[in-house]
Amino acid sequence: MVDISDGILFKDNSFLSTLNIGKRKISEEILPQGSPGIFRQKATTCDHLSLSGYARVAKQSFGNLLSRKMASSSGQTSVPWPNTKDDYELGKVIGVGATAVVHGALCKPRNEKCAIKRINLEKWNTSMDELLKEIQAMSSCNHENVVTYYTSFVVKEELWLVLKLLEGGSLLDIIKHKMRASNCKHGVFDEATIATVLREVLKGLEYFHSNGQIHRDIKAGNILLGEDGTVQIADFGVSAWLATGRDISREKVRHTFVGTPCWMAPEVMEQDHGYDFKADIWSFGITAIEMASGTAPYHKYPPMKVLMLTLQNEPPNLDTGAEEKDQYKAYGKTFRKLITDCLQKEPAKRPTAADLLKHAFFKKAKDKKYLQSTLVAIGPSLETRVQKASKRQPGASGRLHRKETGEWVWSSEDEDGGGSSDSDNDSKPMNTLVSIGSSGSDHEDLSETAEPPPVNLVLRMRNAKRELNDIRFEFAVGKDSAEGIASELVGAGLVDGKDIVAITINLQKLIDQRNVMKVVTFPLNSPLHPNEVPDDKALVGFAQISIMD
C-alpha cells in the first residue's frame, strides 16, 4: 500500500505537521451503514458529513460521477460493484497508513478479487475537502496507467474505497526487496527496466495533466505493478483539481503545501507564486534517481533539512547520494539528461509529460512482459507484504549505523527494510547491471585487511509514548567508544540526555565482558511518567542492552 502518513502541510506560509479540525463523530442517522450516495460538507460546520440520495444530486455532483463510474465498470458483467459491507470478504492487511488500512478482499457477488482501502474518518487530519478531492479524483479517472477505482461507501466511522488489486505490489516494495537480497551498490535496476516503468508513469501523468489535475506525490511508493507487468499510479491522498470543471485554458496554480519532502519541487516548498503541473515533473525526476540508486537524494535527512537542501543547493542528480566516484557509471548520458531536464529549479524550464515521452531515453523502453521478469518475478510475494504490513508500527524501532565516511545515520525499520546493516552487503551477491561490463576487478578485496567483526547490539527501552523500541547499532572494538555511541544516541533524539551516563557505563560493561555476558539491564535516570512504577522486567524506568548473535 501507499503510505499516506509522511506528507507535510504548509498553509498560508505556516508550517503545520497536521491540520486538526477535531473528531468527527458520524451518527447512523446521518450516514446509514453501507448506503451509496454523495459526501458533502454541511454549510454550518466542517466537522460532519452528510449523505444524500442520487435523486437529489446535481449533474456535476460526486454521486453522479460515482453512478457513471459504476455503470462503466460493470460493462463486462451484469453484476455491478456493490455498496454494502456484507458483499465483501475482507482478507489480510496488505498496507497501513496514518489514517487508512488496505485489505485484500473478495467481492462475493462478482467473485472477483479487489483491494479495500478503509479510511478512518475520525483520524482524517486535513479538511474534509481533501477527502472529497481524493474520491472525486479516483472516480473520474479512466486510464490504463491510473489505479482503477470501483466504488465507495460508508461503514460506521470508516469510508471504504473499493479498488483494483495489483498483486505485484508497489515499486518501493520491489526496490527494498531487491536491496535486501543483493548488493545494489552500483545500481538497482537496469536502464531498460527504468525506461519501461517511467514511460508508463508518464502516460498516466499526461492523462492527469490533460484533465486539469496534478498528483503532487509521485514516488516509487505510489507506483503499483500488476502481475502482468501493468504499471499504475496510485494514492490520490494529495491530488487535487487544478481547474474547476476541467477548464485548463487559463493559468492555474495551487498554494497548499502537500506531498513528501524528498520528492517535492522547490516551488511547492517556497509557496511564493504557487505551482502547477510542473511540480509532478520534478517528483518524476526524483523518482528516476530512486529507481537507479534505491533512494531519493536527501532521504537520510529530517523534513526541514530536506527543505533547506532542496531550496539552497543546486538540483540533485544521480551522483548526489553516491558514496564514491563512478558508483553509478552503469547509467548513460540519456538517462542523466532526463534527470537534469526534470530537475530544473525554474518550472518553466521543465518539459511537460507529453514532451518527455519523446525523450531519447525512452527508446530503451520495452513491454509489460519485460517487467514481469525484471520486476514482478523478483518482488516480494503478497504473503511477505502481508507479514510486513501486520508488523509495521511507524516511528517505533530502528537502527543507528555508521557509514564508511564515519557519519552516524538513524533509519527506521520501515526505511531500511528490516535493519540489514551496511556490512551485510559484503556477503550479498553483487547486483550486476547489463551495461556495467565489469570484470569485477574494480571491487575491493577486503581479505587482506581483515578486522575483527563489529559487535551487533540492541538497546531496548521505552520512548516518550511509553512504547518499547529496539535500537540496533554496531560497536567496532578498538574504534568506537561507549561514550561516543551514547552521545550519538542522544544527539539523534533517541535517548534522553539524563540517561547518557547510565548507557555509557553499561554499554562498556557489556563490551568488556562480551565473552561471558550477553545482556545487561539497568535503571535509567530520566524521570518516570505519572503513575508509573519502576519495573525491570517490563522495562519501566529501566533499559536493556543485548548482544545479537
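When the trypsin sites (Lys or Arg not before Pro) in segment 260-328 are filtered for DSSP coil states and for at most 13 other beta-carbon atoms within 10 Å of their beta-carbon, the remaining sites are K325.
Taking each of K113/K176; K92/K185; K176/K498; K300/K369 in turn, the alpha-carbon distance tops 31 angstrom for K92/K185; K176/K498; K300/K369. Only protein atoms count toward the accessible area here, which uses a 1.4 Å probe; on segment 174-220, the carbon and sulfur part of that area reaches 52 percent.
Less than 5 angstrom separates the built amide H of N469 from those of M461, R462, N463, all sequence-distant by 5 or more or on a different chain.
The values are calculated or read from the model by the stated rules, or taken from the named source; none is laboratory data. What you see is a predicted model, and the numbers here were worked out from it, not measured in a lab. No Cβ is skipped: glycine too gets one built from the backbone with ideal geometry, and neighbour counts run over all protein chains shown. Quick note on the areas: whole protein, heavy atoms, side chains included, nothing else; ligands and nucleic acids left out. Shrake-Rupley method; radii C 1.70, N 1.55, O 1.52, S 1.80 Å.
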